[in-house]
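As structure tokens, the structure follows; a few thoughts come after it.
The values are calculated or read from the model by the stated rules, or taken from the named source; none is laboratory data. Because the structure is predicted, anything quoted here is derived from the model rather than measured. FYI the Cβ positions are ideal-geometry reconstructions off the backbone, even for glycines, and counts take in every protein chain you see. All accessible areas refer to the heavy atoms of the entire protein, side chains included, with ligands and DNA or RNA removed. Shrake-Rupley method; radii C 1.70, N 1.55, O 1.52, S 1.80 Å.
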Amino acid sequence: MRAVGLDEPFFVRRGRGAYLEDAEGNHYLDWVLSWGPLLFGHADRETVDAVRAAAADGTSFGAPTEREVELAAEIVAAVPSVEQVRLVSSGTEAAMSAVRLARAATRRDRVLKFAGCYHGHADGLLVDAGSGIATLGIPATPGVPTAVAADTLVSPFNDLDMTAEAVAAYGEGLACILVEPVAGNMGVVPPEPGFLEGLRRLCDASGALLVFDEVISGFRVARGGAQERYGVLPDLTILGKIIGGGLPLAAFGGRTDLMSLLAPAGDVYQAGTLSGNPLATAAGLAVLHRLRDGAVYDELERTGARLESGLRDAAAGRPVSVQRVGAMVTLFFRAGGVRDFTEASACDTERYGALFRHLLAAGIYVAPSQFEALFVSLAHDDAAVDRTVEAVASFFEAVA
Ligand SMILES: *Cc1c(COP(=O)(O)O)cnc(C)c1O
């Protein structure tokens, strides 16, 4: 909240659909939606019923349940490159484990990531990270050993030439290129045409694995995530957020030959007491089984496009850019678009803070950071979009 000029966060009492109520009884239209997981909005009836029914039968077993297998099958059916999948409890854990697996499979140590991309808070992945790291302006996190950070290379997003140079210099030691195929943690930055294809070629030529972090984009920009939308297949995929339906669940998966290196089939160790938790798998299934219907993505695309064009009109003539991929949208306070973290960092965050406060006063909650997205859900109707667009228009009118 300090990033947008406020002292205190509000405390949430409850949520329903696209709306939140705080501890003082104020209501907000919510575009944050827990930072992306809630594709059907808060307190979605089917999800709540599924969790309630699951809880009545026990909340954790530390032994396999059928729903784990069902959820895994649902993910494998949806995500083009995923043949096998391992369930974990957070995106951080999934990213950490996928990197370990990539290192084991290649017997190499280095990881190449992109400035402004966020992959959870595992030590080696916090270098030049987006999300809260970018919001708070923390360049390097105390507590991360220098030796660990030394194995992380950072390249500018959307810059294939710089990335190729890094791979040429370090390719022999490079275990993987790790990327958010649609960047969401520096605000929404789409991959430029050819960028993801180029990363695929660099990996093939160097023997590094391509790892897509689809924690946000998975089941959001298409059912099969960015890899379906852009037609580029990674070796490993990291998932989270939507697949847990708002409960703690994430996953990583990929080709069978890679996944079979994991213990107990192989000797790359990974485990978790609450992995594949019965409440979380119930919530995940309650969401994913409704996403088989392509109409869901048509609707998200339509609502997202309405929001995008409304915001663009509202900000016409201002030094502002609106960027969208499917159901994720960011209004950047910078003219001429944002293609990497340097450009995102050049945004006028003071003005963003002013917009945030204007919207909050109008009962509309957007991310308290320029470096995040508006998360469109199936709970956001046209009226919610139009109300938001009007409030943004009144902000720009007020500041002339
Ligand atoms: C949210 C996020 C993560 C981390 O997931 P957690 O469940 O918060 O640990 C990793 N990668 C991306 C792209 C994310 O947006």
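In table form, for the structure just shown:
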{"quantity": "Evaluated at q = 0.06, 0.09, 0.13 Å⁻¹: base-10 log I(q)/I(0), Debye formula over Cα of the chain", "calculated": "-0.22, -0.51, -1.10"}
{"quantity": "Surface accessible to a 1.4 Å probe, per residue, for the residues of the range 45-291, Å²", "calculated": "39 Å²"}
{"quantity": "Segment ARG302-ALA43, length gained on full extension (0.36 nm per residue, minus Cα span)", "calculated": "90.9 nm"}
{"quantity": "Inter-site label distance for GLU390 and ALA140 at 7 Å from Cα along Cβ, in nm", "calculated": "5.1 nm"}
{"quantity": "Counting DSSP beta bridges with both ends in the chain, the antiparallel % (nearest 5)", "calculated": "55 percent"}
{"quantity": "Rounded Å value of the spacing that divides the Cα centres of the range 214-232 and the range 144-208", "calculated": "18 Å"}
{"quantity": "Sequence-distant residues sharing a close amide H with VAL88 (under 5 Å, placed H)", "calculated": "ALA250, ALA251, PHE252, GLY276"}
{"quantity": "Full-extension gain in nm, ALA346 to ARG200, via 0.36 nm per residue minus C-alpha separation", "calculated": "49.6 nm"}
{"quantity": "Phi-based couplings in Hz for the range 30-43 (Karplus 6.51, -1.76, 1.60; Gly and Pro marked x)", "calculated": "10, 9, 8, 6, 6, 6, x, x, 8, 5, 10, x, 6, 6"}
{"quantity": "³J(HN,Hα), Karplus 6.51/-1.76/1.60, whole Hz, each residue of the range 237-250, x for Gly, Pro", "calculated": "10, 10, 10, x, 6, 4, 5, x, x, x, 10, x, 7, 8"}
{"quantity": "Built amide H within the under 5 Å cut-off of ILE364, gap 5+", "calculated": "LEU29"}
{"quantity": "J(HN,Hα) series, the range 120-127, from Karplus relation 6.51 cos²θ - 1.76 cosθ + 1.60, nearest Hz, glycine and proline x", "calculated": "x, 10, 5, 2, x, 9, 8, 5"}
{"quantity": "Additional length obtainable on full extension of the chain from ARG16 to ALA168, 0.36 nm per residue less Cα span", "calculated": "49.6 nm"}
{"quantity": "For CYS176, residues with placed amide H under 5 Å, excluding near neighbours", "calculated": "LEU112, LEU209"}
{"quantity": "Packing rank of 357-369, 96-108, 203-215, where each peptide gets the mean count of other beta carbons within 10 Å, highest leading", "calculated": "203-215, 96-108, 357-369"}
{"quantity": "Share of pairwise Cα separations in the range 6-159, more than 26 Å, in percent", "calculated": "49 percent"}
{"quantity": "Under the Debye formula (equal points on every Cα, no solvent term), log10 I(q)/I(0) of the range 1-65 at q = 0.14 Å⁻¹", "calculated": "-0.59"}
{"quantity": "Highest-fluctuation residue, GLY17, GLY294, GLY91 considered, GNM on the chain with Cα pairs under 10 Å", "calculated": "GLY294"}
